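Please read the structure below before turning to the comments.
Laboratory data are not the source of any read-out in this text; all were calculated from the coordinates shown. Fair warning: this is a prediction, and the values are worked out from it, not measured in the lab. Don't worry about glycine lacking a Cβ; one is built from the backbone with ideal geometry, like all the others, and counts go over all protein chains shown.
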Amino acid sequence: QVQLVESGGGLVQPGGSLRLSCAPSGSIFSINTMGWYRQAPGNQREWVATIALNGAYTNYADSVKGRFTISSDNAKNTVYLQMNSLKPEDTAVYFCRFRFLNSRESWGQGTQVTVSS
């Protein structure tokens, strides 16, 4: 089974930037949308951003709007999350999620983002 692999997490100071990537470990087809979610300790997993593979739309949670940008490289089936002006409350494990045209979905294993001085 193809897995999704996230990378790019780490420790950054408040106001800093990180770029997350998520790519499949093998060939996949019929992606409908790609998205990012996050889960802070003690909290439920929350949606961050979504992009349609055909580029028709992008959507963002209000908490990240204007600071985060989701993009994709369709040739590589890779999704990115550029995170700017990071705040301590952005600290979480970030997960990517692919939804397919047959309504199935795949999740990555998560990458830790810590915003702290």
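Some points to look at:
- Count Lys and Arg as plus one, Asp and Glu as minus one, and take only other residues whose Cβ is under 9 Å from that of residue 105; the net charge is then +3.
- Take the Cα radius of gyration of segment 71-117 and divide it by 2.2 N^0.38 Å, N being the number of residues; the result is 1.41.
- Whole-number Å³ per residue for the convex hull built on Cα positions in the chain: 97
- Taking a Cβ cut-off of under 15 Å around residue 58, the surrounding Lys, Arg, Asp and Glu residues balance to a net charge of +2, with basic ones at +1 and acidic ones at -1.
- For segment 33-87, the percent of C-alpha pairs falling in each 10 Å distance bin, counted from 0 to the bin holding the largest distance, reads 23, 52, 22, 2.
- The chymotrypsin sites (Phe, Trp or Tyr not before Pro) of segment 37-74 meeting both criteria, a DSSP state outside H, G, I, E and B (loop) and at most 13 other C-beta atoms within 10 angstrom of the site's C-beta, are 57.
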